[in-house]
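Values in this text are rule-based calculations from the coordinates and carry no lab data. Because the structure is a prediction, the values reported are computed rather than measured. As a convention, Cβ positions derive from the backbone with ideal geometry for all residues, glycine included, and neighbour counts pool all protein chains shown.
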Amino acid sequence: MEQYHHHYYSSLYLNLLLLFLSLISLAVATIFYKHKSQYHRHVNLPPGRRGLPYVGETLDFLSTGWKGRPENFVLDRVREFSSNVFKTHIVGKPTAVLSGAEGNKFVFTNENKLFVAWWPDSVNKIFPFTETSSVAEESRRMRRLLPQFMKPEALQRYVGVMDDVARRHFASSWEGRDAVEVFPLAKNYTFWVACRLFLSLDDPERIAEFVVPFKDVATGMLTNKITQFR
């Protein structure tokens with residue numbers, strides 16, 4: 001019995017210690033976050049908000065995409081702040097959003113001058129090469145690859161492939177059903193076309209094997225960094 005009580009109190013003390021350390025860590029993080037927010041108030045930044053500590057507005061950003069209206073994340077804030085430029089905090093990084101034709105032109109005409117492309121930490125963990133390759137190298141690589149896929153001759157070939165995949169997709173997933181969920185089926189169709197064009201895969205069963213790993217990678221690319229461990 002004494003051994004049982006000793007084990008019980010040891011577990012209780014350990015749990016209380018962990019709770020105490022968690023509260024201390026949370027308090028320190030909150031103080032640091034408030035201090036950092038006060039510092040940014042004195043910087044000439046566009047209107048906006050940082051959202052929750054660490055998470056920022058990532059959940060709101062993702063939820064608009066899940067609802068099929070990702071543009072609402074931008075449009076709602078443009079109306080709220082009466083500005084085509086606003087600040088936010090998504091995927092673990094403070095972010096400035098420029099919307100409208102003028103904003104897009106300003107960004108594209110100043111690429112690698114005032115603006116440099118970057119990858120979130122979650123992407124760097126999944127694809128380590130993004131940490132070592134420079135933006136200029138990636139830009140040159142993309143400029144070499146894209147023309148091959150966007151030539152008129154290539155686009156003509158894509159039409160036939162997309163039509164063939166669409167016919168088979170409708171026959172297997174749409175026909176004979178009283179109701180269908182369009183959004184997931186549209187994603188499956190797009191993934192099927194991508195596998196056909198970029199990987200030369202045409203077997204539906206083989207393509208289905210890639211769906212779950214692809215979803216895991218896509219989800220991981222938009223996760224928030226919690227710790228520094230790799």
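Cut-off under 20 Å on the C-alpha distance; same-chain residues fewer than 8 positions from Lys105 excluded. Which aspartates and glutamates are left, in chain and number order?
Straight-distance partners of Lys105: Glu71.
For region 73-119, report the convex hull volume of the alpha-carbon atoms normalised per residue, in Å³, without decimals.
Taking the convex hull of the Cα positions in region 73-119, it is 79 Å³ per residue.
What net charge is computed for the residues neighbouring Lys187, neighbours being all others with C-beta under 11 Å from the C-beta of Lys187, Lys and Arg scored +1, Asp and Glu -1?
Computed value for this residue: 0.
Can you bin region 149-220 into rounded, prolate or oblate? Criterion: square roots of the alpha carbon gyration tensor eigenvalues sorted a ≥ b ≥ c, rounded for a/c under 1.5, prolate for a/b above b/c, oblate for the rest.
Oblate shape, in that a/c is at least 1.5 and b/c is the bigger or equal ratio.
Only Lys, Arg, Asp and Glu count, each charged at its Cβ (+1, +1, -1, -1), so figure out the dipole size of region 61-122 about its Cα centre, rounded to 20 debye.
60
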